[in-house]
Amino acid sequence: MTATKAIAIRHRQGHSSRTGGWLPSDPRVHIQWTRELIKELRAQGSRPASDRAKSIQALDLLVKSNARLRMLAAAMLDEVPHKEPYLTDPTGTREIWDYEELLDAMDLIVKSKAPQWSLAESKGGLIGFPFNAILDWPMSTASGYAFFLEPEVNEKLKAILNTWRDNILMTAKSLYVVTTGRDGWLSEAALEAIEDTTNIEGAQQHLTFQQLFQCDPEKDPAHWGFTSWDDFFVRRFRNMDAVRPVFAPADPKWIVNSCESKPFARQMKIKEYDSFWLKGQPYSVAEMLGGDVPEYTAKFVGGTVYQAFLSATSYHRWNSPVSGDVVYARVIDGTYFSEPTITGFGSLYGRDTAGPDRAQGYICHVATRAVLIIDTKDPIVGLVAAVYVGMADVSTCEISEKFRGALPIAVEKGEEVGMFHHGGSTHCLLFEKSVKLAWVSESSPEIAEGNLPVRSALAYAYASD
């Protein structure tokens, strides 16, 4: 095989009409989940605002001390269309149209809800993002677009998501969803989905969840050794080198896949600044990298961006696409529930029901993200930037401790460099203008049917004639 020949890597993954499977493929499941949450909330009766989590009280104080934010918070609920399916269900149950009730719903999630697997009408549908579920409609309005871009609002949302993390997701309180019960992440249906996502088509053996990942169902039949929802979600492969070997570890020209992910987009001749919020979502290098590293930004202007997303059932740790020295590593605070107006209710074609997911090009510029820049020391490959983007409820992008200290520091191709907590989102790789790339066939967003395995072949860099 020649170095530039495309390599086919087939990987099974279930179909989902909402990119990544973070919200159900059937929107009725999402609507029903939200209504069940509101039913539970209303059954508790009214409670004083002082009973809410301190982080939610802080958001409320911010909103009510700023007339513009208070107006936007009320308007983003008022602007949800007064028609089905947004108005009522057949029994007359209303959706969340009240700001105070929205805060109460957030409080209920922070104190008691973990991301849950569920089945509906014999089809897999899951609510991976509880906050995104209750904000799905207001964030699609014009006022929601403005509200969720506000830096002060996002600062408070970060604190709320951190409260949720500390109270529920990283504690045993979240284990009620990590069980073998019908709606548990260790249920037969959930394990089948994870196995189908993880097993490589054409492999000699179809591996079970127990064979693929570190777990102990014999010693702990209830939770299989997982100590929390987050512990389950950042699970490790049982034998990483066996199930996800590093492709061509000694050849610096080969770039490997950095995340277990499905191709989303590939763009060439990217600009320093571009209109990433418009249709097509062209990439804007300076804003992707945070705007404060002009010496690196200039290297990628005119270059190539490859983007791929992580599904709800995927492996969520990041691995270096190349060997070299990490010369820059930073987590950039950003938005959590922002989507562009082109996917909202004000769009020419109406609201895109998969807007939060299909806006992945957009969120690479505004959402909370981790940026690593690696100097390969190879004259053909040059610098490679990796951008790992948190989406919605995913509030933590964690860079591995090794790369949070003094830089530069050496990294090996395929070495773990960080992880998403509480789920995953999307990631990008950026290449310099001078780099020519021959991509493996399955990396094409137009034909990709599922995930590319992490650490597998992605592209080969070669010198132009």
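Every read-out reported here was derived from the displayed coordinates using simple, explicitly stated rules and does not represent laboratory data. The model shown is predicted, which means the values in this text are computed figures rather than measured ones. Glycine gets a Cβ as well: all are built from the backbone with ideal geometry, and neighbour counts include every protein chain shown.
Some observations on this one:
- Simple rule: put +1 on each Lys or Arg Cβ and -1 on each Asp or Glu Cβ in the range 373-465, find the dipole, and look at LEU430, SER456, SER443; the Cα lying farthest toward the positive end is LEU430.
- Protection proxy ranking of 199-210, 305-316, by the mean of other Cβ atoms within 10 Å over each peptide's residues and highest first, is 305-316, 199-210.
- Considering only VAL246, HIS206, PHE232, and ranking their Cα positions along the charge dipole of the range 202-248 that arises from unit charges at the beta-carbon of Lys, Arg, Asp and Glu, the one farthest toward the positive end is VAL246.
- Each Lys and Arg Cβ is given +1 and each Asp and Glu Cβ -1; about its Cα centre, the range 139-197 then shows a dipole of about 300 debye.
- Of LYS54/LYS402; LYS173/LYS402; LYS173/LYS219; LYS158/LYS271; LYS253/LYS299; LYS111/LYS262, those spanning more than 24 Å from alpha-carbon to alpha-carbon: LYS54/LYS402; LYS173/LYS402; LYS158/LYS271; LYS111/LYS262
- Alpha-carbon centroid distance for the pair the range 263-331 / the range 426-465, whole angstrom: 13
- Projection of the Cα convex hull of the range 265-315, averaged over all directions and equal to a quarter of that hull's surface, yields 4.5 nm².
- The Rg/Rh ratio for the range 166-246 is 0.99, where Rg is the radius of gyration of the alpha carbons and Rh is the Kirkwood radius.
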